[in-house]
Amino acid sequence: MAITPLATALASIRSSLQTGNVAVLASGDPLFFGIGRRLLAEFPEDTVQFYPALSSIQRACALFKVPWDDAKITSLHGRNTCHIPGLLLNNPKNLVLTDGKNSPDHIAQLLLDYLRLIGETVLPDTIRVLVAEDLGLDNEKLFCGNLLEASKQQFSPLNILCLLVPGVPDNTTYRFGLTEDSIQHSRGLITKNEVRAATLHQLQLPTTGILWDIGAGSGSLSIEAARMNPELTVYSIEHKEEELENIKNNIVKFGCYNIVPVFGRAPEALDYLPDPHRVFIGGSSGSLPDLVTLIAKRLETAGRLVINGVIEKTVQAAPELMKKHGFTVNSSIIQVSRTGSDGSTLAFNPITIMTGTR
């Protein structure tokens, strides 16, 4: 019998085991993104035996002549991912199991569109795209080209994609602790290091999911969040063109391709973004009541909303707005003063960090 529909096949296997052994035939290695994981979940481990064949990844890399012990393997089979560039551009070598929606040509176009959005001019020509189609069949073939060439091709649904990204910045030395001097900003308008650290602590960022950074400014918090959590997708919303350019330049400088710059004012600019797991408001331009109302509707139940306030109006209004919409609110006041090597002291205005949870 056929292995699909899977529920029916599993029921038949379970029934047939009453009278004897059952063989399940699958291509490649059943424990490499295959049927093996499901069989182990359905049947006792000591009753299952595996006889793996050559996996599609092994065969593809042999044809590509690309070692794959240092590659990141990503399966897009049925994966509802919102920002594929963030999954792939942070790794020098990607091996991708595609599906009908996320085909190699579609992925190449997504990467091109994103790189153009952030003003990256080198990678569109230097990223190598390798595609192995119909592995093991008589019409097996290979494609090699750049993103533009790949975006104009049509590929067999049976394929393995290899994406080689040159010059990926090494963020492994340290993932947290960028200084104001290292982040491009305008006229000193940047969240101070100490405040940024305390704010990220309050956000309790998940390893994956969606962060909205509203009123992102130069994107300093977005950059730190993206570096710490490479599989987190960060939407940096900013309505000042100068600051948006700073965000784009910082994305390229630090290789934080899991950040999506969004030009516009919130809340209108949030309409077409995926629902968030975390939200930070660094600036609201007078729209705080509307913002909190919208966020209360779209933030996941276990999410966190963090609002930083400098002026008294924000400090007074934000907690009441959050409480009105069902948040439990805690606040901290951060007073930063720095003493230089010459003994001089510089004091900054206090910042109130207000955190809403549900």
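Each reported figure results from applying straightforward, stated rules to the coordinates on display, with no laboratory input. Owing to the predicted nature of the structure, the values given are computational and were not obtained by experimental measurement. We place every Cβ from the backbone using ideal geometry, glycine too, and count neighbours over all the protein chains shown.
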message: I need the semi-axes of the equivalent ellipsoid of region 56-164: take the C-alpha gyration tensor, multiply each eigenvalue by 5, square-root it, list largest first in whole angstrom.
response: 21, 14, 14
query: What distance in nm separates the simple spin-label points at VAL336 and ALA302, each placed 7 Å from Cα in the Cβ direction?
result: 3.1
field: the chain - mean residue ellipticity at 222 nm from DSSP helices (-39,500 (n - 2.57) per run, n ≥ 4, rounded to 500)
entry: -9000 deg cm²/dmol
- request: Using label points projected 7 Å from each Cα along Cα→Cβ, tell me how many nm separate GLU242 and ASN139, to one decimal.
  value: 5.8
statement: Interchain or sequence-distant (5+) residues whose placed amide H lies within less than 5 Å of the amide H of ILE259 are VAL234
statement: Two pseudo-spin positions, 7 Å from Cα along C-beta at LEU158 and at LEU189, lie apart in nanometres by 5.7
statement: When the chain is treated as a Gaussian network with springs between alpha carbons less than 10 Å apart, the largest mean-square fluctuation among PRO157, PRO206, PRO67 is found at PRO67
query: Taking amide H positions as placed 1.01 Å from N in the peptide plane, with prolines and chain starts having none, which residues 5 or more places from PHE50, or on another chain, fall under 5 Å of its amide H?
result: none
- line: Counting as exposed only chymotrypsin sites (Phe, Trp or Tyr not before Pro) in DSSP loop states with no more than 12 other Cβ atoms inside 10 Å, the longest exposed-site-free span of the chain is 1-173
- line: Taking Cα pairs closer than 8 Å and at least 6 residues apart, the relative contact order of the chain in percent is 11
- line: For the chain, the dipole about the Cα centre with charges only on Cβ (Lys and Arg +1, Asp and Glu -1), to the nearest 20 debye, works out at 600
- prompt: What percent antiparallel are the DSSP beta bridges of the chain, to the nearest 5?
  reply: 60
task: Work from the charge dipole of region 1-103 (Cβ charges, +1 for Lys and Arg, -1 for Asp and Glu, about the Cα centre) and give the residue of HIS83, ALA53, LEU6 farthest towards its positive end.
output: HIS83
field: Residues in region 68-105 reached by a label modelled at VAL122 [backbone nitrogen below 18 Å; 7 Å Cα→Cβ]
entry: 89-93
query: By how many nm would the segment from LEU31 to LYS101 grow when fully extended, if each residue of separation counts as 0.36 nm and the alpha-carbon distance is taken off?
result: 22.8 nm
query: Tell me, what HN-Hα J-couplings in whole Hz come from the Karplus equation 6.51 cos²θ - 1.76 cosθ + 1.60 at θ = phi - 60° for each residue of region 258-272, using x for Gly and Pro?
result: 8, 9, 10, x, 10, 8, x, 9, 8, x, 4, 5, 8, 4, 9
query: Picking from SER103, SER332, SER151, which is most flexible by a Gaussian network model of the chain using Cα springs under 10 Å?
result: SER332
query: Once the piece of chain linking THR207 and GLU45 is laid out straight, how much longer is it, given 0.36 nm per residue of separation minus the C-alpha distance between them?
result: 55.3 nm
